[in-house]
1. Answer yes if at least one residue in segment 234-247 is open to solvent by 70 Å² or more (accessible area, probe 1.4 Å) and acidic (Asp, Glu), and no otherwise.
2. Report, by residue number, each residue of segment 138-155 that is modelled with pLDDT under 90 and within 13 Å of Thr267 (Cβ to Cβ).
3. Give the residues of segment 91-106 that are out of contact with any strand residue (DSSP E or B) (no Cβ under 6 Å at 6 or more places or on another chain) and either open to solvent by 20 Å² or more (accessible area, probe 1.4 Å) or of a type in the set (Gly, Ala, Ser) (or both), sorted by residue number.
4. Note down all Cβ pairs under 7 Å where the first residue falls in segment 21-43 and is basic (Lys, Arg), the second is open to solvent by 30 Å² or more (accessible area, probe 1.4 Å) and assigned to a helix (DSSP H, G or I), and they're at least six residues apart or on different chains.
5. Condition first: open to solvent by 10 Å² or more (accessible area, probe 1.4 Å) and either part of a helix (DSSP H, G or I) or in contact with a His (Cβ under 7 Å, 6 or more places away or on another chain) (or both). Now tell me which residues in segment 123-135 satisfy that.
6. Would you say Tyr165 is surrounded by fewer than 17 Cβ atoms within 10 Å (Cβ to Cβ), at pLDDT 90 or above and either on the phi < 0 side of the Ramachandran plot or in a strand (DSSP E or B) (or both)?
7. Quick check on this structure: which one of Arg38, Arg108, Arg54 is among the basic types (Lys, Arg) and under 14 Å from Leu180 (Cβ atoms)?
8. Tell me, yes or no, whether segment 126-138 has at least one residue that is under 15 Å from Tyr165 (Cα atoms) and either among the hydroxyl-bearing types (Ser, Thr, Tyr) or in contact with an Asp or Glu (Cβ under 7 Å, 6 or more places away or on another chain) (or both).
Amino acid sequence: MDFLAYLRNNIIMHAIVISGVLGEERIDLVLRITSLLRLQAPLEMDWAKLEELRPAGRAILSLWADLQWEYQTPCIHRNVPAWLKALHLPFIENKRPTKLETSAHTGRATTHWGFCSEGGIDLRYLPVLQAQTNLFGEDHAFAIQLVLNELMQNAVDHSSAERYYYYFGLHENEIHLGMLDMGVSLPAKLEQHYDFEDDLEALEMSFKLGVTTRRMRKGGLGLNHTFEMVKDRLGKLVIVSRDAQLRRYFSQRKVYRHVLKDRLHGT
């Protein structure tokens, strides 16, 4: 009897159906799976409905692969589309939870790229980005570099995470880029230095100029710079950490604030 057959016959699995799009929009589903992996709850995941992997989706799958290894959570993958198999994503390909080198997470899917890094500023993305100047345009490519460097520095300085995951790419003529980690959440870090009513207020505070958790030198610039660059380009900013989610749509001048159903132990 092979390993997957053993799991089906001997372990009660949590059945999860992946929706049509995997990315930053269905954060409820993403956090549910993330929580189950941390709880070592065996998963049986059905991918039949998945039609699109957004840029953030690649980083999410890398995160899940590492969580599966860390907590040794059994996972069965059913009905994986051929186009998804062709991307050779570690979370779907690994039959048993295995720790992977960061390079195993590196890859692309048509017009977006994902990377995994262990500490420090990771510049492996730069040659890829520079080779795609015609795709993004020089101004936007430079902005991608600035934002990624700021987010990396923030993750390295404050998250205490062993690894972080980042991505950039195009989706329906929009530039998407971002960072994920499973370290100390933003609210947990900020509450060591500031008072706030709840995690939603903490996320709002994190983008203010001068707000920092550094002890020995001035800070509070990185996230504020990111905020201003996205605002100047009338973009969308999404931040999720611990018990809260904040979404700002600058072109529409709208802000959405939500309390999460499942806690995110990271950002």
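1. no
2. Hits for segment 138-155 are Asn154, Ala155.
3. Glu93, Asn94, Lys95, Arg96, Pro97, Thr98, Lys99, Leu100, Glu101, Ser103, Ala104
4. Arg38/Tyr71
5. Leu126, Pro127, Val128, Gln130, Ala131, Thr133, Asn134, Leu135
6. no
7. Sole residue among the options that is among the basic types (Lys, Arg) and under 14 Å from Leu180 (Cβ atoms): Arg54.
8. The answer is no, given that none of the residues of segment 126-138 is under 15 Å from Tyr165 (Cα atoms) and either among the hydroxyl-bearing types (Ser, Thr, Tyr) or in contact with an Asp or Glu (Cβ under 7 Å, 6 or more places away or on another chain) (or both).
The values are calculated or read from the model by the stated rules, or taken from the named source; none is laboratory data. Just so it is clear, the model here is predicted, and its values are computed rather than measured. Because the Cβ atoms are built from the backbone with ideal geometry, glycine has one as well, and the counts that use them run over all protein chains shown. These accessible areas exclude ligands, DNA and RNA; they are computed on the full protein's heavy atoms, side chains included. Shrake-Rupley method; radii C 1.70, N 1.55, O 1.52, S 1.80 Å.
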